[in-house]
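Written below as structure tokens is the structure these notes are about.
The values are calculated or read from the model by the stated rules, or taken from the named source; none is laboratory data. Computed from a predicted structure; not experimentally measured. Glycine gets a Cβ as well: all are built from the backbone with ideal geometry, and neighbour counts include every protein chain shown. Just so you know, the surface numbers come from the protein's heavy atoms only, side chains and all, with ligands and any DNA or RNA stripped out. Shrake-Rupley method; radii C 1.70, N 1.55, O 1.52, S 1.80 Å.
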Amino acid sequence: MLPPDIPRVDVTRKVVALTLGAAVVVGAEALGGFAGGCVDTDLAEPPPAVFALFDPSTTPPTIPLPNDITMTAAQPDSVAHSSFSGPVDRSTLRAGTVMVIDATTSAPLIMASFALDEMATTLDVSPPTGGWPVGHRIAVVVRGSPGGLVGAKGEPVVASPAFYLVRSTSPLVQCPATGPCVSTTPLLTAQQAFVLEQLRVALAPLLDSVQALGVPRSEIVLAWTFTVGPPVGATDAGALPRG
Amino acid sequence: MRIDRHYVSIALALLLAPAIARGGGYEIAEQGAAATSMAGAFTAKADDASAIFYNAAGLAQLRGLHLYLGATLVNSQVTADDASKTFLPEGSAKTGVVAQVMPNFYAAYGFSPGITLGIGIFSHYGLSLSWPSDWGGRSLVRDVTLRTVNISPSIAWQVLPFLFIGGGIDVISGSADLTRTMALDATTEAELRFRGNDTAIGGNVGLLIVTPRKGAMPPIHLGFSYRTGPDLDFGGGRLSISSPIELSQVLRDVRAAATVPMPDRIAVALGVRPVDRLFLTAEFDWVHWSDFQSLTVTPTGGSLPPQTIPENWRDGYTVRGAGEVLVGPVALRLGAGFDWSPAAESTLNPIVPDSNRVFVGAGVGINLPRHLLIDIGLLGVDFLQRTSTLPQFPVEYSNWAVLTTVALGYRGKPGPATHP
């Protein structure tokens with residue numbers, strides 16, 4: 001059964017036309033815009049950068065040599081090497097961008113020299129005349145961008161992910177009184193974090209002292225130490241060749 | 001008719017505006033101005049073209065051309081309170097006040113044998129929250145947007161004078177955008193942003209029985225609708241990670257996948273027209289929210305493990321009641337309802353800080369010359385305060401929303417069982 005008819009109020013013809021017009025416009029555009037509500041899912045490339053290579057978890061470890069990590073003493077005449085993921089602007093290699101320190105005496109070794117190889121991807125740190133002091137622990141600190149080294153194409157020279165964590169001022173593992181240690185960063189497993197934590201603790205005094213000299217910690221892209229042993233026969237590879 | 005590009009752009013922007021979590025969970029149950037005025041209790045009535053959403057069977061009540069163009073302005077805000085100031089150092093945080101317009105559009109044509117074809121465009125599910133950038137819950141969410149657009153071609157048939165059936169297909173285009181932070185160590189955070197698109201196909205069926213008045217027995221309306229909820233699988237999504245440049249090689253953009261369920265929905269309703277100018281209805285809705293057990297973003301490359309936020313939702317229930325009275329050319333509508341939140345307190349989080357809610361709607365419909373009509377409604381939603389027991393972020397949420405809705409319609413002819 002139909003209800004009774006309803007009287008209608010009066011409006012102008014113009015309002016009627018606009019009403020129908022709006023319906024047509026929005027309806028049509030809604031159909032057209034159906035596929036247009038998408039979000040951008042194109043992958044973006046990471047920003048260009050030159051990394052100071054450091055990853056002790058690889059086989060063999062990607063670390064500067066000689067290095068206390070290897071538990072092998074350096075020779076007094078060893079040339080220390082570290083590598084970069086790309087060429088470095090030679091003009092940015094200057095005093096202050098590479099610091100060589102006698103960690104045993106806490107004195108800078110100003111007579112040590114450093115240079116980039118032909119490809120400008122490897123940093124060579126040569127001992128002072130007479131060689132590295134035997135029995136001493138030598139530290140090398142590399143300063144990256146923006147105050148230090150810069151890539152050949154102007155890219156920043158930055159720390160590797162592993163060294164980024166090593167230079168952190170906060171522990172990488174938490175070891176509760178009961179239960180196993182856990183990583184404090186989602187980037188590392190507990191085992192990885194435990195290994196890097198030993199290195200972080202060992203290097204912290206060195207990084208603190210360099211930071212005290214006015215070098216921002218965020219610009220320290222690499223630091224390592226090696227201990228100089230007495231000269232041995234030529235077959236003893238205390239100073240590992242560049243690899 | 002000349003269509004100005006400016007107005008076209010506005011119309012498009014309106015359609016694509018992110019919606020607001022309003023129905024249970026992230027469902028948006030307000031898809032028609034008349035229905036919203038009746039607090040969504042429309043399944044047993046379904047006598048305008050928005051029946052495409054509420055109960056497709058109701059379309060078979062229509063004859064001739066029916067158009068229904070609506071827009072709902074939603075204002076809402078969520079507040080998180082932490083009296084202990086343990087998780088929110090300032091004790092409280094608010095989302096930005098959302099003021100979004102959600103349009104909907106329906107067109108139907110009823111042929112004389114009792115067959116009606118229709119198409120509807122609306123946004124059934126949506127979510128848009130933007131928390132302060134440095135707020136204490138940023139590791140769970142900082143910004144979240146879920147947009148869906150349904151295009152629903154429908155057909156309905158008046159099988160018998162008192163029996164109407166209908167159904168349709170739902171082509172659902174959706175996009176998701178979720179931003180949160182991840183602590184890299186004690187002092188450094190990375191920003192993780194997942195974005196994905198998907199299109200899914202669902203369907204709906206409806207049934208409407210309208211008994212004729214017999215003596216003292218008034219017409220009885222029985223309505224039923226079922227809408228499937230296909231999951232939106234954002235399989236080819238993008239997980240972009242903003243991190244220190246030192247980590248840019250290991251935390252680079254990667255493909256990622258996430259699934260957001262669009263739950264099945266069933267509505268059962270009873271209506272009665274004790275006198276010709278009065279319609280009363282009660283409705284019960286069930287939404288299969290227990291589909292939503294977790295939100296997991298799974299990178300398909302890179303070094304990050306899957307990021308899972310447990311949800312453990314249960315099914316949602318809503319009861320609604322409403323009435324409509326015709327006074328001259330005007331229909332006065334009033335409705336109210338209660339929604340039991342599907343979100344579990346143990347996992348309640350700021351992505352969808354859902355809670356039980358009471359809502360009250362009111363509105364008017366006015367018949368205009370030349371078969372035109374206008375419906376205007378208002379719906380107020382009071383979200384009951386709720387405290388999360390989520391261990392990493394146990395805060396109290398409060399929420400409010402006000403929906404103002406307007407629709408313009410063209411109604412060819414009223415069919416059987418419809419009011420004029």
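For B:SER341, which sequence-distant residues (separation of 5 or more, or a different chain) have an amide H within less than 5 Å of its own amide H, given hydrogens modelled in the peptide plane?
Close amide H contacts, sequence-distant or interchain: B:ASN356, B:ARG357.
What is the sum of charges, Lys and Arg at +1 and Asp and Glu at -1, for the other residues whose Cβ falls under 12 Å from the Cβ of A:THR169?
With Lys, Arg at +1 and Asp, Glu at -1, the neighbours total +1.
Have a look at the range B:230-273 and report residues whose accessible surface goes down by 20 Å² or more when the remaining protein chains are included, against the chain on its own, probe 1.4 Å, ligands and DNA/RNA excluded.
B:ARG238, B:ILE245, B:GLU246, B:LEU247, B:SER248, B:GLN249, B:VAL250, B:ARG252, B:ASP253, B:ARG255
So what J values fall out for the range A:120-129 if you push phi through Karplus, 6.51 cos²θ - 1.76 cosθ + 1.60 with θ = phi - 60°, rounded to Hz, Gly and Pro as x?
6, 10, 10, 9, 9, 10, 9, x, x, 4
For the protein assembly as shown, list the cysteines whose Cβ sits under 4.7 Å from no other cysteine Cβ?
Singleton cysteines: A:CYS38.
Rg/Rh for the range B:160-287: what does it come to with C-alpha atoms and Rh from Kirkwood?
1.32
At each listed q (0.16 Å⁻¹), what is the log10 of I(q)/I(0) that the Debye formula gives for the range B:71-189 modelled as equal alpha-carbon point scatterers?
-0.87
Anything losing 30 Å² or more of accessible area from the isolated chain to the full protein assembly: pick those residues out of the range A:151-166, probe 1.4 Å, ligands and DNA/RNA ignored.
A:VAL158, A:PRO161, A:TYR164
Would you calculate, for the protein assembly as shown, the mean residue ellipticity at 222 nm contributed by helices, counting each DSSP H stretch of 4 or more residues as -39,500 (n - 2.57) and dividing by all residues, to the nearest 500?
Only helices count here, giving -3500 deg cm²/dmol.
Just give me a number: lysine pairs in the protein assembly as shown, eight or more positions apart or cross-chain, with C-alpha atoms less than 27 Å apart.
Lysine pairs meeting both conditions in the protein assembly as shown amount to 5.
From the phi of every residue in the range B:264-273, what ³J(HN,Hα) in whole Hz does the Karplus formula 6.51 cos²θ - 1.76 cosθ + 1.60 yield, where θ is phi - 60° and glycine or proline is x?
Couplings: 4, 9, 10, 10, 10, 9, 10, x, 8, 10 Hz.
Estimate for me the total accessible surface buried between chains A and B (protein heavy atoms, probe 1.4 Å, no ligands or nucleic acids), in Å² to the nearest 100.
It comes to approximately 5300 Å² buried between A and B.
Given the protein chains as shown and a 1.4 Å probe, how many square angstrom of B:GLU345 are accessible, to the nearest 10?
90
What is the spread of the Cα atoms of the protein assembly as shown along each of their three principal axes, largest first, in whole Å?
118, 58, 38
Given the protein chains as shown and a 1.4 Å probe, how many square angstrom of B:LEU239 are accessible, to the nearest 10?
10
Provide a list, ordered by number, of residues in the range A:174-201 showing at least 50 Å² less accessible area with every protein chain present than when their chain is taken on its own, using a 1.4 Å probe.
A:PRO186, A:LEU187
Which residue fluctuates most in the GNM of chain B (Cα springs below 10 Å): B:SER173, B:SER248, B:SER240?
Comparing B:SER173, B:SER248, B:SER240 in the GNM, the peak value goes to B:SER248.
Relative to the first principal axis of the alpha-carbon coordinates of chain B, what is the inclination of helix B:5-16, with its axis defined by its Cα atoms, in degrees from 0 to 90 and to the nearest 10?
80
Would you work out what percent of the accessible area of the protein assembly as shown, with all protein chains in place, is carbon or sulfur (probe 1.4 Å)?
Within the protein assembly as shown, the accessible surface is 63 percent carbon and sulfur.
What are the extents of the Cα atoms of the range B:5-413 along their three principal axes, listed from largest to smallest and rounded to whole Å?
Cα extents, longest axis first: 78, 40, 40 Å.
Given an 8 Å cut-off on Cα distances and at least 6 residues of separation, report the relative contact order of the range B:5-413 as a percent.
18 percent.
What are the ³J(HN,Hα) values, in whole Hz, obtained from phi via the Karplus relation 6.51 cos²θ - 1.76 cosθ + 1.60 with θ = phi - 60°, for each residue of the range B:322-331 in sequence order, with x given for Gly and Pro?
7, x, 9, 10, 9, 10, x, x, 10, 9
Which whole-angstrom value gives the distance between the alpha carbon centres of the range A:138-178 and the range B:202-226?
About 71 Å separates the Cα centre of the range A:138-178 from the one of the range B:202-226.
Where the centre of each part is set by its Cα atoms, how far does the range A:96-111 sit from the range B:45-77, in angstrom?
80
Amide H neighbours of B:ASP231 under 5 Å, counting only residues 5+ apart in sequence or on other chains, H built in-plane at 1.01 Å?
B:MET262
Count charges around A:VAL98 for me, please; just the other residues with Cβ under 15 Å from its Cβ, Lys/Arg as +1, Asp/Glu as -1.
Neighbour charge sum, excluding A:VAL98 itself: -2.
Amide H of A:SER57: which non-local residues (sequence gap of 5 or more, or other chain) have their own amide H closer than 5 Å, using H built in the peptide plane?
Those qualifying (amide H under 5 Å, at least 5 residues apart or on another chain) are A:THR62.
With the other protein chains left in place, how much accessible area per residue, in square angstrom, belongs to the protein assembly as shown at a 1.4 angstrom probe?
Per-residue value: 40 Å².
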